[in-house]
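Data first, discussion second: the structure below is written as structure tokens.
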């Protein structure tokens, strides 16, 4: 399927999702408390079968879900996305026992998942993690499952913390080894020594801190392989980054549609705002950038689904372009609406608070540029070596 074209069935599904988000999810979102996990909203996402699709759909379908939900209900989109972020490592790298224990509950909306990577001193530089996994021995030639560690340290800016039921936690098992010495653990929230607190953020997402005071984990809690947890993290982010772009595109489209409607009916200077060339050109620029971002998101997701070799670069490009575009589109929409858009409860006031965070989380824009540049120079180096061999 071409990345730039959706078939009629996909387009109809997107329209259905927008309708469901507006009619069934938005009322539940409005009843939720900002900065807290909205469990009734999660349960409804489960009843609609959308959470289960996190584990059965490809990257493009995930993008279509996130874009469609974001257009009508950003809270529902975020709740779904955070379940995917926290649970995907279990789906992709968990043991049968881990998957059986947690994934059905996530799909129903009964269990809240979280992805615990960032730390107070290691946000963008994920390889600099300092959360320690001390120990690792089992004694007497014990089997890998019998290995034991104690997690000590802190995590920060963790979505769904401290209210999640389990966390995918990345901890350093080999000191001084950079990204090669990190292990991913599945840590239930009721483990002794695990505490946390909520953070008040600009956007109304549930985000908090986690403190690990000798939290016990064993080989049965490892996701993937010991000292190979960075692969688990990057694999998850490569899947989710294009869909972060889809979230941004959904917000941009909502802002664009609101602006077209407003400027067409708002009279100023003897006629509708849309009759002013400067306004019409700004709206055209908003539409142009939104569509360009959408196409790049779809292309990156399709590349992931086809196991293309350049997925990290494409994912970084999609997230970068889409999130920066959404910031521009929402900001321009606010400007064209005037003071009414700054009033609490207005769609654009809501989007203005929502749109800022995606430029930072799951890799800030500067990190995405670094990923893109690193890939380009690696290809240049490989091309030079191939040229030398040919000569």
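Structure values in brief
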read-out	value
Structure-based [θ]222 nm, the chain - -39500 (n - 2.57) summed over DSSP H runs of at least 4, per residue, nearest 500	-17500 deg cm²/dmol
Gain upon complete extension [residue 12, residue 308; 0.36 nm per residue less C-alpha separation]	103.8 nm
Extended-chain gain in nm, criterion 0.36 nm per residue less alpha-carbon gap, residue 261 and residue 128	43.1 nm
Cβ-based exposure ranking for 182, 279, in which fewest neighbours within 10 Å come first	279, 182
Relative contact order %, segment 8-108, counting alpha carbon pairs below 8 Å whose residues are six or more apart	35
Value of Rg to Rh for segment 84-187 (Rh from inverse mean 1/r over Cα pairs, i.e. Kirkwood)	0.98
Solution diffusion estimate, µm²/s, Stokes-Einstein, segment 31-144, Kirkwood Rh from C-alpha pairs, 10 °C, viscosity 1.306 mPa s	99
Segment 2-50: equivalent-ellipsoid semi-axes (sqrt of 5 x gyration tensor eigenvalues, Cα, Å)	27, 11, 10
Per residue, the convex hull volume that the Cα atoms of segment 191-250 enclose (Å³)	124
Segment 274-391: translational diffusion in µm²/s, Stokes-Einstein, Kirkwood Rh over Cα pairs, 37 °C, 0.692 mPa s	198
Candidates 376, 20, 54: whichever shows maximal mean-square fluctuation once the chain is modelled as a Gaussian network with Cα springs under 10 Å	376
Euclidean distance between Cα centres, segment 65-132 to segment 327-372, Å	23
Fraction in percent of alpha-carbon pairs per bin - 10 Å, segment 210-297	14, 26, 19, 15, 13, 10, 4, 0
The chain: relative contact order as a whole-number percent, Cα under 8 Å and 6+ apart	16
For segment 145-231: Kirkwood Rh in Å [reciprocal of mean 1/r, alpha carbons]	13.4
Principal semi-axes in Å for segment 1-82 [√(5λ), Cα gyration tensor, largest first]	23, 13, 10
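Read the figures in this text as sums done on the coordinates, not as results from a lab. Being a predicted model, the structure only gives us computed values, none of them experimental. Virtual Cβ from ideal backbone geometry, glycine too; neighbours counted across all protein chains shown.
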